[in-house]
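Visitor: Before I ask anything, let me first share the structure, which is written out below as structure tokens.
The values are calculated or read from the model by the stated rules, or taken from the named source; none is laboratory data. These numbers come from a predicted model, not from an experiment. Cβ placement follows ideal geometry from the backbone for every residue including glycine, while neighbour counts extend to all protein chains displayed.
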Amino acid sequence: MPADRPPTDGPAAPEDRSLLLDSARRMTEVEPILTVNPAPGVAKPNPILTVDGLRRSFGGLTAVDVDHLEVERGIVTALIGPNGAGKTTLFNLLTGFDRADRGRWEFNGQAVTSPSPDRLARQGMIRTFQLTKSLAKLSVLQNMLLGAPGQIGERLWSAPFRWLWGDQERANTERAEELLDRFNLAHMRDELAGTLSGGQRKLLEMARALMADPVLVMLDEPMAGVNPALAQSLIGHITALALDGVSVVFIEHDMDVVSGISDWVVVLAQGRVIAEGGPWKVIHDELVIDAYLGRRRAEARP
């Protein structure tokens with residue numbers, strides 16, 4: 001055996017044991033969803049988000065018309081569909097950035113009665129946007145600190161009294177610096193956010209989302225406009241979120257990404273859920289293929 005090749009027998013290194021434990025834990029979390037019948041609107045073993053009768057129209061166009069949808073807790077769920085399928089509109093409704101014409105939904109066991117982004121964020125639902133929302137004239141660290149919830153120093157009555165909120169600010173700064181290091185942005189700590197590349201802004205937005213310790217992260221096309229190297233980094237961070245026990249829903253068009261990191265896939269077409277299931281089953285589903293092609297495959301044959 002070559003000297004530079006690690007032995008195949010004997011006890012695993014600590015980092016290898018950690019990876020094995022993480023993999024075993026992930027399998028335990030994913031295993032229940034594998035027993036679910038892959039059908040539109042199917043019930044899940046432990047849903048973190050449940051949607052019923054959700055509808056949103058713009059004039060004569062029905063953008064979202066979801067009869068029933070459940071998002072399983074602790075896994076990575078991909079939301080796919082052709083352009084105009086209603087994916088971002090569905091995100092906007094569920095996260096309080098738009099108002100539904102009708103419908104109801106539950107998040108983490110509680111009915112969402114008056115959806116608003118700040119209230120849902122405090123409950124643990126955080127989203128990102130296809131077009132990043134960093135504040136260009138603030139530093140990267142300042143952008144991170146904006147994501148910390150319940151900051152005492154933001155209140156008018158307490159702002160003059162640093163002794164009331166100094167410890168909290170130091171803890172938030174420490175947390176922000178840990179996340180910047182995790183997302184390979186520590187060296188940009190004091191740079192203006194406007195100087196970051198598009199991919200770095202995506203990393204910053206994801207890192208800032210974690211400042212709120214969310215239980216559900218919803219990512220709107222996190223890979224859009226990102227170079228391949230940073231895309232791989234984002235993929236790794238999404239997988240790491242699931243390993244940390246955070247539920248993830250992401251919109252994506254790249255089927256290689258979808259099949260590579262998602263545990264479950266939901267397909268929208270014309271605002272409706274037309275298919276659900278494991279990545280490979282959904283990608284080869286005839287209805288899904290028809291929705292993307294806009295015609296029956298048989299019609300395309302000579």
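Visitor: Would you call VAL140 of a type outside the set (D, E, K, R), in contact with an Asp or Glu (Cβ under 7 Å, 6 or more places away or on another chain) and without any contact (Cβ under 8 Å) to a residue 40 or more places away in the chain? Write out each step before concluding.
Guide: On the way: of a type outside the set (D, E, K, R): yes; in contact with an Asp or Glu (Cβ under 7 Å, 6 or more places away or on another chain): yes; without any contact (Cβ under 8 Å) to a residue 40 or more places away in the chain: no.
When the stated conditions are applied, VAL140 does not pass them.
Visitor: If you scan the range 85-137, which residues turn out to be closer than 26 Å to GLY53 by Cβ, touching a residue at least 60 places away in the same chain (Cβ under 8 Å) and of a type in the set (Gly, Ala, Ser)?
Guide: ALA85, GLY86, ALA121, GLY124, listed by residue number.
Visitor: Still on this model: Which residue, of ALA269, ALA291, ALA207, is surrounded by 18 or more Cβ atoms within 10 Å (Cβ to Cβ) and over 29 Å from SER57 (Cα atoms)?
Guide: When all the criteria are applied, what remains is ALA207.
Visitor: Here's something else I'd like to know. Check off (1) hydrophobic (A, V, I, L, M, F, W, C); (2) modelled with pLDDT of 90 or more; (3) touching a Lys or Arg at 6+ places or on another chain (Cβ under 9 Å) for LEU61 and give me the number that stays unchecked.
Guide: (3)
Visitor: So if I check each of LEU219, LEU234, LEU204, which one is in a helix (DSSP H, G or I) and either closer than 19 Å to LEU146 by Cα or among the polar types (S, T, N, Q) (or both)?
Guide: It is LEU204.
Visitor: Something else about it: Of all residues being within 20 Å of GLY86 (Cα to Cα) and of a type in the set (A, V, I, L, M) in the range 225-256, which is surrounded by the most Cβ atoms within 10 Å (Cβ to Cβ)? Just the residue, please.
Guide: Filtering the range 225-256 for residues that are within 20 Å of GLY86 (Cα to Cα) and of a type in the set (A, V, I, L, M), the one surrounded by the most Cβ atoms within 10 Å (Cβ to Cβ) comes out as VAL249.
Visitor: GLU31 fails exactly one of the following numbered conditions: (1) modelled with pLDDT under 85; (2) over 21 Å from the mean Cα position of the chain (by Cα); (3) surrounded by fewer than 13 Cβ atoms within 10 Å (Cβ to Cβ); (4) not small (Gly, Ala, Ser). What is the number of that condition?
Guide: Checking GLU31 against (1) modelled with pLDDT under 85; (2) over 21 Å from the mean Cα position of the chain (by Cα); (3) surrounded by fewer than 13 Cβ atoms within 10 Å (Cβ to Cβ); (4) not small (Gly, Ala, Ser), the one that fails is (2).
Visitor: Can you go through ARG119, ARG175 and tell me which one is at pLDDT 85 or above, surrounded by 14 or more Cβ atoms within 10 Å (Cβ to Cβ) and not in a loop (DSSP other than H, G, I, E, B)?
Guide: Sole residue among the options that is at pLDDT 85 or above, surrounded by 14 or more Cβ atoms within 10 Å (Cβ to Cβ) and not in a loop (DSSP other than H, G, I, E, B): ARG175.
Visitor: So for the range 41-51 (the condition being buried (at least 17 other Cβ atoms within 10 Å of the Cβ) and not in a strand (DSSP E or B)), does at least one residue qualify?
Guide: Start the filter on the range 41-51 by keeping residues that are buried (at least 17 other Cβ atoms within 10 Å of the Cβ), which leaves 44, 47-51.
Next, from what is left, pick out any that are not in a strand (DSSP E or B): 44.
Yes, because at least one residue in the range 41-51 is buried (at least 17 other Cβ atoms within 10 Å of the Cβ) and not in a strand (DSSP E or B).
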